[in-house]
Amino acid sequence: MSETCLNHIGGAWVPALSGTTFEDRNPARPEEVIAEVARNGPADVDAAVTAAEAARAEWAATPAWVSPSLSASCARHSTLSRS
């Protein structure tokens with residue numbers, strides 16, 4: 001069973017803009033695919049930076065006790081996205 005790794009940009013889980021992925025393989029068992037990972041390029045980086053800049057003021061105003069729960073939510077999504 002492999003995981004699908006997407007980008008978290010602008011509050012949404014999205015694939016690479018190119019739509020392409022690459023296989024992340026277990027180095028001990030090269031036949032085992034661990035994850036399908038979004039193959040990001042410069043446009044994906046630009047989208048992430050633009051979204052981060054747009055969210056900066058709101059994130060800066062987020063109480064310190066809330067931000068860890070948001071990070072945990074992202075980690076849970078990663079775990080739950082296993083196919």
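The values are calculated or read from the model by the stated rules, or taken from the named source; none is laboratory data. Given the structure is predicted, the values throughout are model-derived calculations rather than measurements. We place every Cβ from the backbone using ideal geometry, glycine too, and count neighbours over all the protein chains shown. Please note that ligands, DNA and RNA were not included when accessible areas were found on the heavy atoms of the full protein model with its side chains. Shrake-Rupley method; radii C 1.70, N 1.55, O 1.52, S 1.80 Å.
The one condition from (1) open to solvent by less than 60 Å² (accessible area, probe 1.4 Å); (2) outside any strand (DSSP E or B); (3) of a type in the set (D, E, K, R) that E53 does not meet is (1).
Looking only at residues of segment 13-37 that are open to solvent by 60 Å² or more (accessible area, probe 1.4 Å) and in contact with a Leu (Cβ under 9 Å, 6 or more places away or on another chain), we find that the one that is modelled with the lowest pLDDT is W13. Would you call P63 at pLDDT below 95 and assigned to a loop (DSSP other than H, G, I, E, B)? Considered against the rule, which asks whether it is at pLDDT below 95 and assigned to a loop (DSSP other than H, G, I, E, B), P63 comes out as yes.
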